[in-house]
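Trainee: Okay, handing you the structure first.
The values are calculated or read from the model by the stated rules, or taken from the named source; none is laboratory data. Model, not experiment: these values are computed from the prediction. Note: ideal-geometry Cβ built from the backbone for every residue, glycine included; neighbour counts use all protein chains shown. All accessible areas refer to the heavy atoms of the entire protein, side chains included, with ligands and DNA or RNA removed. Shrake-Rupley method; radii C 1.70, N 1.55, O 1.52, S 1.80 Å.
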Amino acid sequence: MTSNQKVLTWLEEMKALTQPDNVVWIDGSEAQLDALRAEAVSTGELIKLNEEKLPGCYLHRTAENDVARVEDRTFICTTKKEDAGPTNNWMAPAEMYAMLKEIYNGSMKGRTMYVVPYIMGPASSPFSKVGIELTDSIYVVLNMNIMTRMGQIALDELGDGDFVKCLHAKCDVDPEKRYIVQFPEDNTIWSCNSAYGGNVLLGKKCFALRIASYMGYKEGWMAEHMLILGLTNPKGEKKYVAAAFPSACGKTNLAMLIPPASLGDYKVETVGDDIAWIRIGEDGRLWAINPEAGFFGVAPGTSEKTNFNALEATKKNTIFTNVALQDDGTVWWEGLTKEPPAHCIDWLGKEWTPESGTKAAHPNSRFTAPAVNCPCISDQFEAPKGVPLSAIIFGGRRAKSAPLVYQSFDWNHGVFVGATMASETTAAAAGAVGVVRRDPMAMRPFCGYNMADYFQHWIDMGHKSELTNPPKIFHVNWFRRDDEGNFMWPGFGDNLRVLNWILDRCDGKVDAAETPIGYVPKKEDLNVEGLDIDDKTLTELLAVDKDVWRAELPGIKEYFAQFGDRLPKGIQEQLDALEARLK
Ligand code: OXD
Ligand code: MN
């Protein structure tokens, strides 16, 4: 399928290491995929769902100990420890390779190795990159088929070029020997002892964020943990924004927002729900592509009401992981319907009823759905150059500090706003509730190099002479609470009102109030027509309390202190300026 000598030599090496019984090249043809589906069903790796109600859909259950990304076992292996930085686990590459080789040694004996060539990004896009994943899991092959452009198409794109070398072996799914390792200097990813999506679909977080962020740093572009959406107003004007949120902040919902009909004829289109690769275009603007071809979304909480479009996307050719199986061969998860089914098989494969007192679906159960299934997928989804960004939005879940929306003063201040992003923990996650977790640009688990250098790269990008028309940078907080602890903003579709203000600011159509943290809307410029929101609540939603913000400063300083003198001067200057404005 290829005469690329680099591919063939590497494959021989990996075969010698893992010693599979067979090697199968994945060409991406439906015939081959069908055969793999049938094989996975025959071994129980996949369960075929109701063909009438969920055509082409399958259920997979992972091992009980293998249900989420494992950040404590995720490593960035650069030659120098400082290049991985204080927010990443690190080991010297030679030491890591040696340790992992013992784990991989003979691990595919009695198994088949699948060779999965794939493209991150649309085929024939100058922005796209090719990877090859070697895996002993059919589940991985079938998921990669949904999440990437996979098969011969990728080898054709590759020619005799370079690629990201990805090796995945299930081994014994032993959590003690589970490692997710990136070698950014070698364009290499090694993952072992897991069979759960985020750890094994190596094109996603491992490549499209960790390795790609490092590539972007070296090559002058950016790989970001951002959704991309297009918004068309009633006049037919279309604009694009990219937005980064920590988990549990409604990122997928925003990416697929349904405009409230009462606001008029708006249209939201999804370009991406998780990752954006961003470059400077010939017109001096930032352009973004979504490198992925599917959604790897969290199932629980997804319903017709909360995210109609995401749910629609899962109705055909989707692989569900760790959700519950209903008696009619369809799936269920907490939040899908108000009333739980009277009976189902839970994510562990056990009988379940509402009286069981356990969750039927794992809280991190997932759907892998083709993006083309999404009713609001953008017509620019395959555009080789991507879409031009008018705004970049950072967000977090903050009860008191951050107003509903504010705009940064300029690019460097916007980078500072992203770098100080934080979210308060919710009851949904383990650990204490309301604890502030710092997650710069939502990239804390995904930055493939020293985060201080990443901040500097952001600053540098904004000042490149080619970037004559950079997007404006904003921060939103849908989660502000009143003194009784109630959410003050309705969220969901009504977030369109905030997007409208943001785009009006980008067009210079509305004025704003200057506060110590940035520009905040004037009450009259935020369209709240038809909302049940009183003047006092609106005032509070947009208020910036200096005392609350002064109390934020020690936490920010402490976070930045870990970077020592590698923290960019541009970031320190922003911190000093904020402190001065808060005096
Ligand atoms: C994801 C994540 O799965 O960010 O997208 O954890
Ligand atoms: Mn994500």
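Trainee: Please arrange R444, R397 by accessible surface area, largest first, computed with a 1.4 Å probe and ligands excluded. Don't skip to the end; give the middle numbers.
Mentor: Values: R444 65, R397 45 Å².
So the residues, ranked largest to smallest area, are R444, R397.
Trainee: Could you name the aspartates and glutamates whose alpha carbon sits less than 15 Å from that of K509, not counting residues in the same chain fewer than 8 places away?
Mentor: Of all the aspartates and glutamates, those that pass the test against K509 - Cα under 15 Å, at least 8 places apart if same chain - are E237, E524, D525.
Trainee: Could I ask something else about it? What's the center-to-center distance, using Cα atoms, between the stretch 11-51 and the stretch 458-500 in Å?
Mentor: Cα centres, the stretch 11-51 to the stretch 458-500: 43 Å.
Trainee: Keeping all protein chains in position, work out how much accessible area T62 exposes to a 1.4 Å probe, and write it in Å² to the nearest 10.
Mentor: Answer for T62: close to 20 Å² accessible.
Trainee: Over the chain, what is the relative contact order in percent, taking alpha-carbon pairs closer than 8 angstrom and at least six residues apart? Present the calculation step by step, with values, prior to reporting the outcome.
Mentor: Details: 1249 pairs, mean separation 82.6, N = 583.
Relative contact order, the chain: 14 percent.
Trainee: What aspartates and glutamates does K536 reach when the alpha-carbon gap must be under 12 Å and sequence neighbours fewer than 8 apart in one chain are set aside?
Mentor: The reachable aspartates and glutamates, counting only those whose Cα sits under 12 Å from K536, are D482.
Trainee: Further question: Could you pull out every one of the aspartates and glutamates with an alpha carbon less than 16 Å from that of K81, ignoring same-chain neighbours closer than 8 positions?
Mentor: Within the straight-line cut-off, K81 pairs with E95, E185, D186, D453, D565.
Trainee: How much of the accessible area of the chain, probe 1.4 Å, is carbon plus sulfur, in whole percent?
Mentor: Numbers: 11120 of 22510 Å².
Ligands and nucleic acids excluded, carbon and sulfur reach 49 percent.
Trainee: Just how much of K205 is accessible, in Å², when a 1.4 Å probe is used and the result is rounded to the nearest 10?
Mentor: 20 Å²
Trainee: As a test of the formula, what do you get for the chain when each DSSP H run with n ≥ 4 contributes -39,500 (n - 2.57) and the sum is divided by the residue count, at 222 nm and rounded to the nearest 500 deg cm²/dmol?
Mentor: Working: 16 runs with 158 residues, N = 583.
Per the formula, -8000 deg cm²/dmol.
Trainee: If you don't mind, another one. What is the stretch 1-135 by shape, rounded, prolate or oblate, if you read a ≥ b ≥ c off the alpha carbon gyration tensor as root eigenvalues and call it rounded for a/c under 1.5, prolate for a/b larger than b/c, and oblate otherwise? Intermediate values should be presented prior to the final figure.
Mentor: On the way: a/c = 1.59, a/b = 1.44, b/c = 1.10.
It comes out prolate by the Cα gyration axes.
Trainee: Report, in cubic angstrom per residue, the convex hull volume of the C-alpha atoms of the chain. Don't skip to the end; give the middle numbers.
Mentor: Working: hull volume 89.8 nm³, N = 583.
Normalising the Cα hull of the chain by residue number yields 154 Å³.
Trainee: For the stretch 49-204, compute the orientation-averaged projected area of the C-alpha convex hull (one quarter of its surface), in nm².
Mentor: Details: hull surface 44.4 nm².
Mean projected area for the stretch 49-204: 11.1 nm², to one decimal.
Trainee: Moving to a separate point now. Say the dipole of the chain comes from +1 at the beta carbon of Lys and Arg and -1 at that of Asp and Glu; which of H362, V241, P470 then lies farthest toward its positive end?
Mentor: Among H362, V241, P470, the one farthest towards the positive end of the dipole of the chain is P470.
Trainee: Cα centroids of the stretch 505-583 and the stretch 238-298: how far apart, whole angstrom?
Mentor: Taking the Cα centre of each part, the stretch 505-583 and the stretch 238-298 sit 23 Å apart.
Trainee: N486 to A551: extension gain in nm, 0.36 nm per residue of separation minus the Cα-Cα distance? Show your work: numbers first, answer last.
Mentor: Numbers: separation 65, 0.36 × 65 = 23.40 nm, distance 2.22 nm.
Net length gain for the segment: 21.2 nm.
Trainee: Would you mind checking K48/K316; K400/K472; K80/K129; K53/K338; K239/K305; K305/K338 for any pair whose Cα atoms are more than 18 angstrom apart?
Mentor: Details: K48/K316 12 Å; K400/K472 24 Å; K80/K129 26 Å; K53/K338 20 Å; K239/K305 26 Å; K305/K338 11 Å.
Table pairs above 18 Å Cα-Cα are K400/K472; K80/K129; K53/K338; K239/K305.
Trainee: Using the alpha-carbon centroid of each, what span in Å lies between the stretch 372-446 and the stretch 175-205?
Mentor: 25 Å
Trainee: When you take every Cα atom in the stretch 295-373, what is the radius of gyration, and what is Dmax, the widest Cα pair distance, in Å?
Mentor: 11.9, 38
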